[in-house]
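S.K.: Just dropping this structure here.
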Amino acid sequence: SAVDARTGRTLWSFRYDRGRPDGEDTARRLTADREDAERRSSFANHPPVVVDGVLYFAPTDGRSVWSLSDRPRGPARLLTRWSLDRTQDVRNLAIEQIVGVTDGRDGVPPALVAVGQGYGVDPLHDPFTVVVALDAVTGRLRWERALPFGALPEPLGVAVMAGDEVFVPTAKGIARYALADGADRPPLVDDADDDEAYGNLVPIPGRGLVAVAASRVTFWMRKGLPGK
């Protein structure tokens, strides 16, 4: 629902089909009622994203990713701009988390970036997709990428967009992609091969990233800044 912040009056409400996000396929993490391990990110606590008056959300008890806007006046009174099935409309991916939405500035067309668990029959010839960018206006696929590591095809915490990049924490390192076209960039990897160096990511503007794991907080400094 959208509520007028000044008066508390309900502006609109949207009803969607509820149910388990994935059907009978037990190979994907979205089928689970709870997380398998402490640091694995499900879609349990990821809030909606609002950019330029448009709402994007992936309800925790539903199958779809939605884009909504204020109900227009007149005969066309649909709230929905577009929707997609979070497991069927993207190749080899079960979307779990909306990372963010660009606003169309800085030369990057409006895009919604999402991550989740990859799956597939033949990972050598048909790589598991883990991160995608969708056209924020139409919902159509703009680019899709697998992880650069030979690890579990899934995030290990909350991914972020920062600057012109997407950062995805995994069990083997922090994958990096160009926001504009998804091009791979050198990942951030701890020399000690310690997965506690990764986890939920928080950007520090102009400085770097903080990774929050179960028992460790790691600061990844932006290249070129003084320090180690």
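S.K.: In the stretch 78-105, which residue that is charged (D, E, K, R) and out of contact with any strand residue (DSSP E or B) (no Cβ under 7 Å at 6 or more places or on another chain) is surrounded by the fewest Cβ atoms within 10 Å (Cβ to Cβ)?
M.R.: ARG105
S.K.: Sort out which residues of the stretch 189-202 are surrounded by fewer than 16 Cβ atoms within 10 Å (Cβ to Cβ) and under 21 Å from VAL49 (Cβ atoms), and write them in order of number.
M.R.: VAL202
S.K.: Looking only at the stretch 91-119, how many residues end up being in a loop (DSSP other than H, G, I, E, B), touching a Gly at 6+ places or on another chain (Cβ under 8 Å) and not polar (S, T, N, Q)?
M.R.: Count: 1.
S.K.: May I pose another question? Kindly indicate the residue of the stretch 165-182 that is of a type in the set (D, E, K, R) and more than 18 Å from VAL202 (Cβ to Cβ) and also farthest from the chain's Cα centre (by Cα) among those meeting that condition.
M.R.: Selected residue: LYS172.
Results for (1) among the hydroxyl-bearing types (Ser, Thr, Tyr); (2) under 23 Å from ARG86 (Cβ atoms); (3) buried (at least 17 other Cβ atoms within 10 Å of the Cβ), shown as yes or no for each residue.
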{"position": "ALA111", "(1), (2), (3)": "no, yes, yes"}
{"position": "GLY139", "(1), (2), (3)": "no, yes, yes"}
{"position": "ALA183", "(1), (2), (3)": "no, no, no"}
{"position": "PRO187", "(1), (2), (3)": "no, no, yes"}
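S.K.: Could you list, in sequence order, the residues of the stretch 118-136 that are open to solvent by 20 Å² or more (accessible area, probe 1.4 Å) and at pLDDT below 90?
M.R.: TYR119, GLY120, VAL121, ASP122, PRO123, LEU124, HIS125, ASP126, PRO127, PHE128
S.K.: Just give me the residues in the stretch 147-176 being of a type in the set (Phe, Trp, Tyr) and under 17 Å from ILE95 (Cα atoms), in sequence order.
M.R.: PHE167
The values are calculated or read from the model by the stated rules, or taken from the named source; none is laboratory data. Being a predicted model, the structure only gives us computed values, none of them experimental. Virtual Cβ from ideal backbone geometry, glycine too; neighbours counted across all protein chains shown. Note: areas computed on protein heavy atoms with side chains; ligands, DNA, RNA excluded. Shrake-Rupley method; radii C 1.70, N 1.55, O 1.52, S 1.80 Å.
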